[in-house]
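Please treat every number below as a calculation from the coordinates, not as lab data. Note that this is a predicted model, so its numbers are computed, not measured. A quick note on method: Cβ atoms are made from the backbone with ideal geometry, for glycine too, and the neighbour counts reach across all protein chains shown.
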Amino acid sequence: MSDFSFLNGFILQSEKESQEPLYKDYTHHLLPLKKSEVEEISTLINIPKELDEFYHQVGYGFFFQNDDSHIDRFLDVESFKNINLHEGFYEYDPDLEMYDSEGYIDKRIFYDLNEGVYLLMDNEEVNGSNSIYFFTNKIANSLEEFIKRLIGEGHYFG
């Protein structure tokens, strides 16, 4: 089981708190999810093990890297479902066409890096971890490793 407790200091307790001017100091901010939200979505689409653990332990939100050219958004469960099933806002998104090709078939989009550019996670776990990909390039053996490197090194993969 992954341990994301190193992120506890970045978890905000409410949407109201997230609307305060946190952007100016480029601190990460994450919002918790209700267990029922995660469980409801998991009945509609398979959530990779580590991502499920992240959603339960942390939630979703933004990682700031002092870089205005990136979104760095960890998708909430509803957006995760919609983008991977091409529903709602993402139903006709031409940027997603490439992620339907053979090299991506066993992966799930979980992270919005930039407009139309996403990070992916292996759908299947190996030894309790799900590998992370920037396009088809493996950039981490686990979600925990990816987040620690992102926080420490920024966009080390691009």
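Here are some notes:
- Charge dipole (debye, nearest 20) of the chain; +1 at Cβ of Lys and Arg, -1 at Cβ of Asp and Glu: 420
- Protection-proxy order for peptides 116-122, 147-153, each taking the mean of Cβ atoms within 10 Å per residue, highest first: 116-122, 147-153
- Dipole check for region 26-74: with +1 at the C-beta of Lys and Arg, -1 at the C-beta of Asp and Glu, and the Cα centre as origin, the magnitude is about 120 Debye.
- Contact order relative to length of region 31-153, as percent, for alpha carbon pairs under 8 angstrom and 6 or more apart: 21
- Per-residue [θ]222 nm for the chain (sum of -39500 (n - 2.57) over DSSP H runs n ≥ 4, rounded to 500): -7000 deg cm²/dmol
- Cβ-based exposure ranking for ILE83, ILE11, ILE71, in which fewest neighbours within 10 Å come first: ILE71, ILE11, ILE83
- Residues considered: PRO48, PRO94, PRO32. Largest GNM mean-square fluctuation over the chain, using C-alpha springs under 10 Å, is found at PRO94.
- Projected onto planes of every orientation and averaged, the convex hull of the alpha-carbon atoms in the chain covers 9.1 nm².
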